[in-house]
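Down below is the structure, laid out as structure tokens.
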């Protein structure tokens, strides 16, 4: 899948809107279009002052544009000082982006049915994969988990939402869809399938670490390949600070790999949870 | 308009301009090739190299603080052999002037790394890391006293004919004395400051934020400390002083020149803006043009210390 070499671009906010006080969607104009692989991310900075100092990693949600005029979109949740600051910015305000970064999902496995699993704001990495698979008319199902109905992504953000049955909603309080955690829904669906059907599944997941760990365990038990998009605090996002490492299996032992460079998408079997 | 001459000699290494990347914030240099031509910099300084590859500290390596950050990476690196085999040819292809930062657990290991790197003809200089706060042995343990610095510098000096820079720790009482000790034992230049030892804790979990508990503070938060220490060191020694600490703009770099620095290294700013070094270089050039300053030496050390009436 094509993607571009990372670039540092200065842009301006076109739109920065909150949805139900939980998710924000920010759109910015940049001087040139970019192409990315679902799962890749950008480092976002450019607000005035030195505090917070570091850029924030956000999954690339959408990108487009034509020569000389690009557009990018991100979805985020306010979790700390950086995202709180971001949520207060207005159209016209400047922002800087280093993008596209990291290794995205491998969507090139022939004859596979992809199961896309998004927990919480993790849908922001999973939706771009759904968009790509939808355009390709490849088979996929999507599992979206949240605490309550209000914590699910707005319907109109969902790619391919016109084809019901492909999307399994899960809420911990039962206000929408399956009552329980998204991992339980995935496990239940797996149990109902023949070994032959299971052997065609490939899982892509993004969400809280505990969720990814459970997905990795469930997939591992049934021999289903799973790719997980990890998160971590980052200083640079492009592989030079070595601050964002996770432990992965290597040979007999373990090694530290950068979430920003060798990840954020890892083979679930590699990760030392 | 005349282009100002920004070239400067850093202890035997002539560089085209005084903007260098700081070790540990620039990877092995080639990571920046997508963002700009790294041969435009005075020099790129490599992430600290040890004799064997080093795994580094467990995760929980960085934490953001007010106008700065703490890191405790623990010198994760690919080791000197892979550096020479894989990285050096790519730096040569890029046309970059490059400097190796070296680190060892023992003086003998520093010597071995210095000896091996001296066999690389294209290597511009060796910077001895006598100041990493995040490893139990080596690093700062050697750099905390004038005697320790003198011993380490003297021993590495005997192993290399390359220009030898010694990177100093701010976690000392008398930086001038430390800088003098490095000069007296054969250093061709000193670079300072490395990070300031700090700590962050979470009041809810009651745990330290870093796996290493303490880490090194960097970023604009440390600039005043760095400026003061560079000023003290520059007054104490005759060898070039390379200023490091919180430099984010051309103006920041110029302040370091005023207190006596011959060049600067840019660190944490690279994380926020991968093109920071270029922005800083262009800021210096613009200022010199506007002020009709012909060369760096004309401006360097020009701090007016007398009180204005």
* Asked: Does region A:119-140 contain at least one residue that is crowded, with 16+ Cβ neighbours inside 10 Å, in contact with a helix residue (DSSP H, G or I) (Cβ under 8 Å, 6 or more places away or on another chain) and without any contact (Cβ under 8 Å) to a residue 60 or more places away in the chain?
  -> yes
* Filter region A:250-270 down to residues that are without any contact (Cβ under 8 Å) to a residue 60 or more places away in the chain and either away from chain B (no Cβ under 12 Å) or crowded, with 22+ Cβ neighbours inside 10 Å (or both), then give me how many there are. => 8
* Structure fact -> Going through region B:1-38 in order, the residues found to be within 27 Å of residue B:160 (Cα to Cα), within 14 Å of chain A (Cβ to nearest Cβ), crowded, with 21+ Cβ neighbours inside 10 Å and in contact (Cβ under 8 Å) with a residue 40 or more places away in the chain are B:21, B:22, B:23, B:24, B:25, B:26, B:28, B:29, B:38
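What strands (runs of 3 or more DSSP E), lying completely within region B:213-277, carry at least 1 residues that are away from chain A (no Cβ under 12 Å) and either on the phi > 0 side of the Ramachandran plot or surrounded by fewer than 21 Cβ atoms within 10 Å (Cβ to Cβ) (or both)? Working first, answer last.
Details: elements: B:214-218, B:241-244, B:263-266.
Counting at least 1 such residues, we get B:214-218.
Determine which member of the set A:239, A:251 is in contact with a helix residue (DSSP H, G or I) (Cβ under 6 Å, 6 or more places away or on another chain), on the phi > 0 side of the Ramachandran plot and either at pLDDT below 95 or assigned by TED's automatic domain parsing to the domain that holds residue A:124 (or both). Can you show your working first?
Numbers: A:251 fails: in contact with a helix residue (DSSP H, G or I) (Cβ under 6 Å, 6 or more places away or on another chain).
One residue alone meets the criteria, A:239.
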* Return the total of residues in region B:158-179 being crowded, with 21+ Cβ neighbours inside 10 Å and closer than 19 Å to residue B:261 by Cα. => 11
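Is one or more of the residues making up region A:85-102 touching a helix residue (DSSP H, G or I) at 6+ places or on another chain (Cβ under 7 Å) and either surrounded by fewer than 23 Cβ atoms within 10 Å (Cβ to Cβ) or modelled with pLDDT of 95 or more (or both)? Full working, then the answer.
Start the filter on region A:85-102 by keeping residues that are touching a helix residue (DSSP H, G or I) at 6+ places or on another chain (Cβ under 7 Å), which leaves none.
No, every residue in region A:85-102 fails to be touching a helix residue (DSSP H, G or I) at 6+ places or on another chain (Cβ under 7 Å) and either surrounded by fewer than 23 Cβ atoms within 10 Å (Cβ to Cβ) or modelled with pLDDT of 95 or more (or both).
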* Out of curiosity, is residue A:205 within 23 Å of residue B:209 (Cβ to Cβ) and either part of a strand (DSSP E or B) or touching a helix residue (DSSP H, G or I) at 6+ places or on another chain (Cβ under 6 Å) (or both)? -> no
* Structure fact -> Picked from region A:193-249 (must be without any contact (Cβ under 8 Å) to a residue 12 or more places away in the chain and within 14 Å of chain B (Cβ to nearest Cβ)), the residue surrounded by the fewest Cβ atoms within 10 Å (Cβ to Cβ) is A:233
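Looking only at strands (runs of 3 or more DSSP E) that fall completely inside region A:1-118, which ones have 3 or more residues that are over 30 Å from residue B:248 (Cβ atoms) and touching a residue at least 24 places away in the same chain (Cβ under 8 Å)? Outline the logic, then answer.
Values: elements: A:7-19, A:23-30, A:41-45, A:56-59, A:62-66, A:69-77, A:94-101.
So the answer is A:62-66.
Please indicate, with yes or no, whether at least one residue in region B:39-59 is facing chain A (nearest Cβ under 7 Å) and out of contact with any strand residue (DSSP E or B) (no Cβ under 8 Å at 6 or more places or on another chain). Break it down stepwise before answering.
First, the residues of region B:39-59 that are facing chain A (nearest Cβ under 7 Å): B:55-56, B:59.
Right, trim to out of contact with any strand residue (DSSP E or B) (no Cβ under 8 Å at 6 or more places or on another chain) and you get none.
The answer is no, given that none of the residues of region B:39-59 is facing chain A (nearest Cβ under 7 Å) and out of contact with any strand residue (DSSP E or B) (no Cβ under 8 Å at 6 or more places or on another chain).
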* Identify, from the list A:132, A:186, the residue that is assigned to a helix (DSSP H, G or I), over 30 Å from residue A:70 (Cβ atoms) and away from chain B (no Cβ under 14 Å). => A:186
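So, in region B:187-212, of the ones that are within 15 Å of the chain's Cα centre (by Cα) and outside any strand (DSSP E or B), which residue ends up surrounded by the fewest Cβ atoms within 10 Å (Cβ to Cβ)? If you could, list the steps in order and put the result at the bottom.
Taking region B:187-212 and keeping what is within 15 Å of the chain's Cα centre (by Cα), we get B:187-196.
Narrowing further to those that are outside any strand (DSSP E or B): B:187-188, B:193-195.
Numbers: B:187: 32, B:188: 21, B:193: 27, B:194: 29, B:195: 29.
The qualifying residue surrounded by the fewest Cβ atoms within 10 Å (Cβ to Cβ) is B:188.
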* From B:276, B:251, B:263, B:269, which residue is within 20 Å of the chain's Cα centre (by Cα) and over 20 Å from residue B:47 (Cβ atoms)? -> B:251
* **Filtered residue count, region B:283-309, keeping only those that are assigned to a helix (DSSP H, G or I) and either more than 23 Å from residue B:241 (Cβ to Cβ) or over 23 Å from the mean Cα position of the chain (by Cα) (or both)** => 6
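The values are calculated or read from the model by the stated rules, or taken from the named source; none is laboratory data. Keep in mind it's a predicted model, so treat the numbers as computed, not measured. Every residue, glycine among them, receives a Cβ derived from its backbone with ideal geometry; neighbour counts consider all protein chains shown.
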